[in-house]
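Worksheet: one structure, shown below.
Rule-based calculations on the coordinates, nothing more; no lab input. Everything numeric in this text was worked out from a predicted model, so none of it was measured. Here the Cβ positions follow ideal geometry from the backbone for every residue, glycine too, while neighbour counts run over all protein chains shown.
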Amino acid sequence: MKVNGALHEIDLEPRVSLLDALRDHLQLTGTKKGCDQGTCGACTVWVEGRRVLACLTLAVVCEGQEVTTIEGIAPDGGLHPMQRAFIEHDAFQCGYCTSGQIMSAVALLDEGNAATDDDIAEHMSGNLCRCAAYPNIRAAIREVRDAGLETSGRG
């Protein structure tokens, strides 16, 4: 499996989720385990450029595919424009959902689904924030959208 541009050979049981493979076998702990049922979005990553819930995706189906996690979205170890906007707009409180929110927010802009606040809310609805930082999350997404900052990097 190729994760964040690096090839990894991992010997896993067929029932291991992508989330557990990332966290437990590759020590990429930025992707969070929230509900482990696919309802909160904290585990959002990209597989071949598409957002997926890592808790519901078997690692074995990602064999030979490019997986991108929060650790791999910014070049040269810096911050991605969306990460900077989240900080600037205080778009997190406890921070637990933040990695999944950012992964979805970047995908949302790349997909062209952020024309209005209603669009943003609709297309981010799979990512829950128990601290209710939604207005700040939308503000961060709007800032990156309106600045026309390069968000791509997906597959």
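Tabulated results
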{"read-out": "Ranked ARG145, ARG15, ARG51, ARG130, criterion: other C-beta atoms within 10 Å, fewest first", "value": "ARG15, ARG130, ARG145, ARG51"}
{"read-out": "Estimated FRET transfer efficiency (ALA6, LEU79; beta-carbon r; R0 25 Å; 0.05)", "value": "0.80"}
{"read-out": "Structure-based [θ]222 nm, the chain - -39500 (n - 2.57) summed over DSSP H runs of at least 4, per residue, nearest 500", "value": "-8500 deg cm²/dmol"}
